[in-house]
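Q: This is the structure, below, for whatever I ask next.
The values are calculated or read from the model by the stated rules, or taken from the named source; none is laboratory data. Small disclaimer: the values here were computed from a predicted structure and weren't measured. Please note: Cβ atoms are built from the backbone with ideal geometry, for glycine as well, and neighbour counts cover all protein chains shown. Just the protein is used for accessible areas: all its heavy atoms, side chains included, with ligands, DNA and RNA removed. Shrake-Rupley method; radii C 1.70, N 1.55, O 1.52, S 1.80 Å.
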Amino acid sequence: MLKAAGQAHPQWYPMTAPVEFAGHGPLIIAEGEGVWITDQAGRRYVDGRGGLLNVNVGHRRPEVRAALIEQFDRIAYYPSFDGTATPVSIALAERLLELTAPEGMARVLFGSGGSDAVETALKVARQYWKLEGAAARTKFISLRNAYHGTHFGGTSLNGNAAFREAYEPLLAGCHQVETPWLYRNPFTDDPEELAAICATLLEREILNQGPDTVAAFIAEPAQGAGGYIVPPASYWRRAREVCDHYGVLMIADEVITGFGRLGDWFGCRLWGVRPDIMCLAKGLTSGYVPLGATLINQRIAEAWERADTPAAHMHGYSYSGHPLGCAAALAVIDITEREALADNAAREGARLLARLQAFKDRFPLIGDVRGKGLMICLDLVTDRASKAPASPAVARRIADLARQAGAVLRPAANYIVISPPLTLGATEGDIILAALDAAFTATAMDN
Ligand SMILES: Cc1ncc(COP(=O)(O)O)c(C=O)c1O
């Protein structure tokens with residue numbers, strides 16, 4: 001039942017103030033097909049959010065349905081605790097290791113989503129150092145503007161205070177360093193100089209903490225929810241060099257960037273870097289069933305597998321390796337490969353980005369247009385010179401107007417995020433552009 005204006009809603013919505021819905025309620029999406037979604041009143045929109053940057057292969061794919069039904073008809077659930085498994089979880093683990101062979105991944109630990117994948121990575125990193133006889137290596141370093149999900153570990157590493165402050169005090173030993181953000185940084189306009197400065201700041205923080213106390217550096221290959229920030233090309237290579245120099249593990253949080261969103265299968269592949277641990281979720285199943293995975297390389301796996309140190313991995317979830325999630329993931333990976341969706345994301349993303357760059361000439365509200373592949377962000381400002389962020393209400397108004405014009409896009413802080421399914425074609429891309437054009441034109445007339 002729809003709630004009348006002013007009534008309390010039975011469901012609370014993540015990242016939302018309950019009072020915001022008191023007047024009008026949420027947008028209720030009833031159906032989806034391909035890149036299209038339909039609301040309860042029957043209005044169709046291009047899904048310019050791609051669900052939550054996860055519906056990579058599009059909605060209601062018959063191949064995924066068939067895989068889910070086939071698995072359901074065998075067994076829908078069996079755990080992977082205490083030495084049991086299912087054929088489908090083993091098949092997916094093998095497939096993930098094939099896919100990440102260039103990154104050198106060697107073992108897979110499943111969970112139920114991105115926050116689980118990060119939590120698992122942090123626990124693996126701490127236990128690894130204990131097994132290695134370096135128990136003092138417990139600290140983590142992350143980037144300002146990072147987003148690593150909502151468990152207490154990830155929350156402690158999130159680089160925006162807004163995600164942390166309601167839940168403090170947080171995990172001890174989490175420290176943030178400057179992110180290489182070209183648009184807003186106090187140092188330079190030169191991308192490579194910025195990469196060098198930020199890598200040096202990472203090194204200084206490792207030295208400041210004491211290298212023998214640092215377990216891992218964690219970062220997203222391109223930052224998502226904290227600001228949709230694409231680093232300069234050499235940043236990841238430089239950060240890897242710093243980590244190697246001090247023996248610090250590198251964790252790539254690929255929850256958004258994995259499975260093609262940036263125009264390659266994995267974000268760290270774009271930067272030519274092999275991390276020690278990779279966190280995967282979202283595009284892994286394209287959102288059909290919740291599933292996450294944490295992948296580790298041989299260096300880490302060996303610490304548990306040496307015969308002289310039998311150690312349990314005392315971590316896991318009831319739904320680790322859920323058979324339905326694994327079946328969905330295998331079908332989604334097939335589609336991603338067969339339809340070369342990473343290439344499509346690169347092509348359609350470049351086209352959208354170029355067209356949106358031209359919006360800057362017409363709409364002073366847009367301070368910056370940035371992104372890679374099909375993760376694009378419009379950074380709204382009150383004034384281009386100061387780059388002062390526009391209020392979240394402005395971003396929400398733009399998104400509302402764009403929705404009325406046929407595209408659902410995500411307003412987040414002062415950003416408008418464009419992250420459609422990777423199956424997006426030029427026609428639907430044009431609908432997103434036209435909807436944004438209408439929204440910015442109407443907003444310009446407000447003033
Ligand atoms: C980089 C990154 N890590 C972790 C998460 C958390 O994933 P989940 O919402 O599936 O728990 C997200 C979610 O957006 C993310 O973007």
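Q: Of the DSSP beta bridges with both residues in the chain, give the percent that are antiparallel, rounding to the nearest 5.
A: Here the share of antiparallel DSSP bridges comes out near 70 percent.
Q: Please name which of 145, 402, 86 has its Cα lying farthest along the dipole of the chain towards the positive end, using unit charges on Cβ (Lys, Arg +1; Asp, Glu -1) and the Cα centre as origin.
A: 402
Q: Taking a ≥ b ≥ c as the square roots of the Cα gyration tensor eigenvalues, with a/c under 1.5 meaning rounded and otherwise prolate when a/b beats b/c, else oblate, which class fits segment 360-447?
A: Numbers: a/c = 1.83, a/b = 1.41, b/c = 1.30.
Judged from the Cα gyration tensor, segment 360-447 comes out prolate (a/c at least 1.5, a/b above b/c).
Q: About the Cα centre of segment 64-338, what is the dipole size in debye to 20, counting +1 per Lys and Arg Cβ and -1 per Asp and Glu Cβ, all else neutral?
A: Details: 23 positive and 31 negative charges, 55 e Å.
Taking the Cα centre of segment 64-338 as origin, the dipole is about 260 debye.
Q: Right, another one. Alpha carbon centre of segment 342-363 versus segment 368-410: separation in Å?
A: 14
Q: In addition: If packing is taken as the average number of other Cβ atoms within 10 Å across a peptide's residues, how do 356-362, 230-236, 371-377, 64-70 rank, most packed first? Numbers along the way, then the final one.
A: Values: 356-362: 13.7, 230-236: 21.4, 371-377: 25.6, 64-70: 16.1.
Packing proxy ranking, top to bottom: 371-377, 230-236, 64-70, 356-362.
Q: Using the beta-carbon distance between residue 208 and residue 20 and R0 = 51 Å, what value does 1/(1 + (r/R0)^6) give for FRET efficiency, to the nearest 0.05? Don't jump to the answer; show the numbers that get you there.
A: Details: r = 40 Å, r/R0 = 0.79.
The value I calculate is 0.80.
Q: To continue, here is another question. Residue 407's amide H: which non-local residues (gap 5+, or another chain) put their own amide H closer than 5 Å, with H modeled 1.01 Å from N in plane and none for Pro or chain starts?
A: Those lying under 5 Å, H to H, from residue 407 are 46.
Q: Rounded, prolate or oblate: which fits segment 104-180 when a ≥ b ≥ c are the square roots of the eigenvalues of the alpha-carbon gyration tensor, with rounded for a/c under 1.5 and prolate only if a/b beats b/c? Display every interim value, and only then the final one.
A: Working: a/c = 1.77, a/b = 1.38, b/c = 1.28.
Prolate shape, in that a/c is at least 1.5 and a/b is the bigger ratio.
Q: Something else now. Give the cross-link partners of residue 123 among the lysines, using a straight C-alpha distance below 21 Å as the criterion and excluding same-chain residues fewer than 8 apart.
A: Straight-line reach from residue 123, under 21 Å: 139, 282.
Q: Among the chymotrypsin sites (Phe, Trp or Tyr not before Pro) within segment 1-104, which fall in a DSSP loop and have no more than 14 other Cβ atoms within 10 Å of their own Cβ? Numbers along the way, then the final one.
A: Working: sites: 12, 21, 36, 45, 72, 77, 81; in loops: 12, 77, 81.
Sparse-neighbourhood loop chymotrypsin sites (Phe, Trp or Tyr not before Pro): 12, 77, 81.
Q: Follow-up question, since we're still on this one. Hey, which lysines would be in cross-link range of residue 387, C-alpha to C-alpha under 27 Å, not counting anything within fewer than 8 residues on its own chain?
A: Once the sequence-local lysines are set aside, what remains near residue 387 is 360, 372.
Q: Residue by residue through segment 154-166, which ³J(HN,Hα) values in whole Hz follow from phi under the Karplus form 6.51 cos²θ - 1.76 cosθ + 1.60 (θ = phi - 60°), with glycine and proline marked x?
A: Coupling constants for segment 154-166: x, 4, 5, 9, 4, x, 10, 4, 4, 7, 9, 5, 5 Hz.
Q: Kindly report the accessible area of the chain per residue (heavy atoms of protein chains, probe 1.4 Å, no ligands, DNA or RNA), in Å².
A: Heavy-atom accessible area per residue stands at 42 Å².
Q: Here is a follow-up. Which percent of the accessible heavy-atom area of the chain goes to carbon and sulfur, probe 1.4 angstrom? Show your work: numbers first, answer last.
A: On the way: 10470 of 18980 Å².
Carbon and sulfur together cover 55 percent of it.
Q: Return one quarter of the surface area of the convex hull spanned by the alpha-carbon atoms of the chain, equal to its mean projected area, in nm². Write down the numbers at each step before the final one.
A: Details: hull surface 87.5 nm².
So the mean shadow area of the Cα hull is 21.9 nm².
Q: State the Cα centre-to-centre distance between segment 76-141 and segment 178-239 in whole Å.
A: Measuring centre to centre over Cα atoms gives 25 Å.
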